[in-house]
Structure formats: structure tokens, C-alpha cells
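Asker: Can you read through this structure? Questions will come right after.
The values are calculated or read from the model by the stated rules, or taken from the named source; none is laboratory data. These numbers were taken from a predicted model, which means no experiment stands behind them. Here Cβ is always computed from backbone atoms with ideal geometry, including for glycine, and neighbour counts include all displayed protein chains. Note: areas computed on protein heavy atoms with side chains; ligands, DNA, RNA excluded. Shrake-Rupley method; radii C 1.70, N 1.55, O 1.52, S 1.80 Å.
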Amino acid sequence: MTTTDDDKDVLGLAELSRELPPIDLDAQSADRIARRAGDSVGKGPSPRRFIEPVLAAVIVTVYLVWALMKVLELLG
């Protein structure tokens, strides 16, 4: 029987988990955390994450265009 890389990873994680200390959470909290974590698995980053960089790029671009216009005004 040959094991795949995934099987080796699972076995390695199981081995690591035996060495970890047990969690001291009640079952209700553990379930809530597991559900919340499960909801976000496989989803990409929030689109709101890109608002600040886009806004900063717009402000810098407007400022750069204004500065270039002032330089051209001085040269002309």
C-alpha cells in the first residue's frame, strides 16, 4: 500500500496534535469557534480590503497630476 503526500500530511498532523496540550474550552465555545472558522474556509479576502489602497492610489494620482500641471505652468 502506497501513501500519497496528503496521507503523509494527515499522519504528520495527527502526530503533532498528540503533542499539543488539550484545549480548555467548553463544548459550546468550541462548536461556535469551529462554525465561525468553517464559514471562512475557502473564501478569498473581503473586497473591503482593497478600498484603502485604491483610495490612496487615487489621491496620489490626483496630487501627481496637479504637481505636474504646476511644473508645466512654471516652465511655460
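Asker: Mind checking the dipole of the chain: about its Cα centre, +1 per Lys or Arg Cβ, -1 per Asp or Glu Cβ, Debye to the nearest 20?
Answerer: Dipole about the Cα centre, nearest 20: 560 debye.
Asker: With the dipole of the chain worked out from charges on the C-beta (+1 for Lys and Arg, -1 for Asp and Glu) around the Cα centre, which of 53, 25, 72 lies farthest toward the positive end?
Answerer: Of the options given, the answer is 72.
Asker: Next question, about the same structure. Quick one: with all protein chains in place, what share of the accessible area of the chain is carbon or sulfur, to the nearest percent (1.4 Å probe)?
Answerer: Accessible surface attributable to carbon and sulfur in the chain totals 65 percent.
Asker: Same structure, new question: Using helices alone, what [θ] at 222 nm do you get for the chain, with -39,500 (n - 2.57) per DSSP H run of 4 or more residues, divided over all residues and rounded to the nearest 500?
Answerer: Calculated mean residue ellipticity at 222 nm is -24000 deg cm²/dmol.
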